[in-house]
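Enquirer: Next up is a structure, given as structure tokens.
Where a number appears in this text, it was derived from the coordinates with a stated rule and is not lab data. Predicted, not measured: the structure shown is a model, and the values here were computed from it. FYI the Cβ positions are ideal-geometry reconstructions off the backbone, even for glycines, and counts take in every protein chain you see.
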Amino acid sequence: MNAIIYVFSGTGNTKKICTLYKDEFEKHGVETTLYAVRSDMSDLPNPMDFDLVGFAYPIHAFNAPKIMLKLAKAMPKVAKKEIFILKSSGEPLKVNNVSSLKFMSIMKKKGYALKSEYHYVMPYDMIFRHTDREAVRMWDAAQKLCPVEAREVLDGKEHKLSRIFMGRFIAWVLRIEHPAMLVNGRCFKVKKDKCIMCHKCEKNCPVGNIKIDENGKFHFGGDCLMCTRCSFGCPTDAFSIGILNAWRINGAYPMDKPVSDDVPEPKHHHWYCKRAYQRYFESAERKTAQLGE
């Protein structure tokens, strides 16, 4: 038995989730491929060559990133193939459940059927920075949940996420992000006094939107997905990301490190989606406890 997960991951959160799935699948003897989705899709593996087929992405404005819609359009037509979806976001709001609607509308026309879908909360890479304690808690929950839900996928269990009223309309309206980010991406700037010319941003951009010429000048094209891989991963925090610069976050979270109780928590953002986070963590604890995790 074998499996493939077509994964687009901006700053690495979704990839972390997929790695947990891969580890659990392979623990049960299922050889698993994680295919990194990029703009060049000429080498797409054929999903019919795999027993289990999954798709994974970070949620962008309650939608799948534009590159995932491009992927759906590039997938071959099949007679029938069941798939699963894994997605991550920085908050556990139910409106995130509608993010796969457009992706699946394309996939259904090609013969794919959604068998199961899972959503994991991981630290923001935009909007505001979660505290280290919050990040550790999110990752801890994912490490407990993913093996359990990976086994559900292996067992062929159906798992659907509930929809909200007007969810399809909300997703449709907010897909304005796709063309808007193409424009905003051209407005990126790099602070020359901070840039060390490591070329990390250019090499890691999943759509090749960043070019650095022989004179060290940066050129930003019109293909930006606003995944923030460039600005988040910049070792010197040299980026300005256009009109969304106030939401910019730089640097990885220390999610595997314990946080001392002596570290004071900032007062800001404690109100943000407080009940939704509480429900998410309580649900994760109940599910893993029931299954002996």
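Enquirer: With every atom except the alpha carbons ignored, what do you get for Rg and Dmax of the chain, in angstroms?
Expert: 19.3, 60
Enquirer: Students often check this: by mean Cβ neighbours within 10 Å, which of 91-102, 170-181 ranks highest, and how do the rest follow?
Expert: My ranking of the peptides, most packed first, is 91-102, 170-181.
Enquirer: Sticking with this structure for a sec: What do you get for Rg/Rh of region 2-173 when both radii come from the Cα atoms and Rh is the Kirkwood radius?
Expert: Radius of gyration over Kirkwood radius for region 2-173 works out to 0.94.
Enquirer: Using a 4.7 Å cut-off between beta carbons, which cysteines in the chain end up with no partner cysteine at all?
Expert: 18, 146, 187, 195, 198, 205, 224, 227, 234, 273
Enquirer: Still on this structure: Give me the dipole magnitude in Debye, nearest 20, for the chain about the Cα centre, with unit charges on the beta carbon: positive for Lys and Arg, negative for Asp and Glu.
Expert: Approximately 1180 debye in magnitude.
Enquirer: Follow-up. Taking a 26 Å limit on the Cα-Cα distance, which of the listed pairs 102/191; 66/94; 73/160 fall beyond it?
Expert: Too far apart for the 26 Å limit: 102/191.
Enquirer: From the Cα gyration tensor of region 1-58, with a ≥ b ≥ c the square roots of its eigenvalues, which class applies: rounded if a/c is under 1.5, or else prolate if a/b is larger than b/c, or else oblate?
Expert: Oblate.
Enquirer: What trypsin sites (Lys or Arg not before Pro) does region 1-52 have in DSSP loop regions with at most 15 other beta carbons within 10 Å?
Expert: When the trypsin sites (Lys or Arg not before Pro) of region 1-52 are filtered for loop state and at most 15 Cβ neighbours within 10 Å, 38 remain.
Enquirer: How would you rank 127, 85, going from fewest to most other Cβ atoms within 10 Å of each one's own Cβ?
Expert: 127, 85
Enquirer: Also, I was wondering about something else. Order of 145-152, 192-199 by packing, highest average Cβ count within 10 Å first?
Expert: Highest to lowest by the protection proxy: 145-152, 192-199.
Enquirer: Report relative contact order for region 2-173 in percent, whole number only (criteria: Cα-Cα under 8 Å, sequence separation at least 6).
Expert: 24 percent
Enquirer: Then there is this: I need the semi-axes of the equivalent ellipsoid of region 89-130: take the C-alpha gyration tensor, multiply each eigenvalue by 5, square-root it, list largest first in whole angstrom.
Expert: For region 89-130, the semi-axes come out at 27, 10, 8 Å.
Enquirer: Here is a further query. Given the DSSP H assignment, sum -39500 (n - 2.57) over each helix run of at least 4 residues in the chain and divide by its residue total; what's the result at 222 nm in deg cm²/dmol, nearest 500?
Expert: That comes out to -10000 deg cm²/dmol.
Enquirer: Below 8 Å, C-alpha to C-alpha, sequence gap of six or more: please give me the relative contact order for the chain in percent.
Expert: 19 percent
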